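Shown next, in structure tokens, is the structure this report addresses.
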Amino acid sequence: MNPLPVTDEFYGRVDVAIPAKAEWVAVARLTVAAVASRLQFSVEDIEDVKLAIAEACTNSIQHGAPSDTIAIACEVGNDELRITVRDRGQGLRLESVGETGFKEDGRTEELGVFLIRALMDSVEYRVDAREGTELVMIKRVLA
């Protein structure tokens, strides 16, 4: 996948790629926490961002190939942080994840999607059969 361009509304970007293995999720958490700390987020907001990236990486690990790499881009704007997570997996069937985080059949295996939606201000998934899955999460700084 091609990197996203830095736009006028964003003035800084940090990219990191981690192996799609659980032991590397902490690196993603620390990276986004360091980037988030550059904005005026509360400690609670930074913890929310850390949990959201951990859930996003866990979903990538669960639904991607073990040899995959997870690409993470953090873009800093004046009043928001945009985090893009990309992997080569085919993603989730998001339409089966309800507002409560439970699947239609009552299982909770996609609870991570619910958590991400609850913790971030904006969440968008894109799935392409050839390119893989891209998750864009935005957290805004409250004035």
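Here the stretch 127-143 is the region considered, the condition is being farther than 17 Å from A52 by Cβ and in contact with a Lys or Arg (Cβ under 9 Å, 6 or more places away or on another chain), and the residue that is modelled with the lowest pLDDT is E131.
Taking the residues in the stretch 33-69 that are aliphatic (A, V, I, L, M) and within 10 Å of the chain's Cα centre (by Cα) as candidates, determine which candidate is surrounded by the fewest Cβ atoms within 10 Å (Cβ to Cβ).
For the stretch 33-69, the residue satisfying everything is L51.
Six or more apart or on different chains, Cβ under 7 Å: which pairs go from a residue in the stretch 63-81 that's farther than 20 Å from V113 by Cα to one that's in a loop (DSSP other than H, G, I, E, B) and of a type in the set (V, I, T)? Could you list them? Taking only residues 6 or more apart or on different chains, the pairs are E75/V6; D79/V141; E80/V141. Could you count how many residues in the stretch 47-69 are outside any helix (DSSP H, G or I) and within 14 Å of G132 (Cβ to Cβ)? Going through the stretch 47-69 one residue at a time, the tally reaches 5.
Report yes if some residue within the stretch 98-109 is in a strand (DSSP E or B) and at pLDDT 90 or above; otherwise report no.
No; the residues of the stretch 98-109 include none that is in a strand (DSSP E or B) and at pLDDT 90 or above.
The values are calculated or read from the model by the stated rules, or taken from the named source; none is laboratory data. Predicted model, so just to flag it, every value in this text is computed and none were measured. Here the Cβ is made from the backbone with ideal geometry for all residues, glycine too, and neighbour counts use every protein chain on show.
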